[in-house]
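> Let me begin by handing over the structure; questions about it come next.
Only the coordinates and a few stated rules stand behind these numbers; no lab work does. Since the model is a prediction, treat every value here as computed from it, not as a measurement. When we count neighbours, we look across all protein chains shown, and the Cβ atoms used for this are built from the backbone with ideal geometry, even at glycine.
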Amino acid sequence: MTYRSTVAAAAALILGAALATAASAEIKLVQSAPAANTVVATTKSVSLTFSEKLAPGANLQLSMPEHGMKMGMKTTVSPDGMTLIGTPESALTSGGYKVAWTAAGADGKKMAGQVSFKVN
């Protein structure tokens with residue numbers, strides 16, 4: 001094997017490893033509105049922005065844990081495909097809320113999490 005072919009083979013291995021690592025990165029929540037653990041006067045929607053474009057099937061569920069209530073919410077995806085937007089079916093009253101989410105990115109691996117906030 002010549003020096004050039006050895007260098008080319010090594011470069012191909014490094015590039016392949018880098019691409020495999022990038023493709024296997026898990027989707028992550030990068031921002032929410034309302035922000036996690038904040039108190040807001042009111043909100044008409046909840047938005048969660050992720051680290052990459054969402055695969056089909058992403059979901060939001062809104063609840064009031066202290067009352068054991070699940071709230072109806074219409075969920076849409078932003079035009080760039082990176083933000084889930086939830087619009088509650090009715091106005092949010094004072095109290096604590098939890099937004100549970102599930103989402104997957106390009107690798108197809110489903111991730112889940114939650115964001116809590118309060119309405120004053």
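> What number of residues within the range 59-113 satisfy the criterion of being touching a strand residue (DSSP E or B) at 6+ places or on another chain (Cβ under 6 Å) and among the charged types (D, E, K, R)?
Within the range 59-113, residues that are touching a strand residue (DSSP E or B) at 6+ places or on another chain (Cβ under 6 Å) and among the charged types (D, E, K, R) number 5.
> Let me ask you something else. How about the range 80-95: which of its residues are part of a strand (DSSP E or B) and without any contact (Cβ under 8 Å) to a residue 40 or more places away in the chain?
Our first condition is that a residue be part of a strand (DSSP E or B); within the range 80-95, this holds for 83-88, 95.
Of everything in the range 80-95, those that are part of a strand (DSSP E or B) and without any contact (Cβ under 8 Å) to a residue 40 or more places away in the chain turn out to be Thr83, Leu84, Gly95.
> Residue check, Lys98 against (1) basic (Lys, Arg); (2) assigned to a loop (DSSP other than H, G, I, E, B); (3) surrounded by 13 or more Cβ atoms within 10 Å (Cβ to Cβ), all met but one. Which one?
Every condition holds for Lys98 apart from (2).
> Something else about it: I need every pair where a residue in the range 45-62 that is surrounded by fewer than 18 Cβ atoms within 10 Å (Cβ to Cβ) has its Cβ under 7 Å from the Cβ of a residue that is of a type in the set (Phe, Trp, Tyr), sequence separation at least 6 or different chains.
Matching pairs, first to second residue: Asn59/Trp101.
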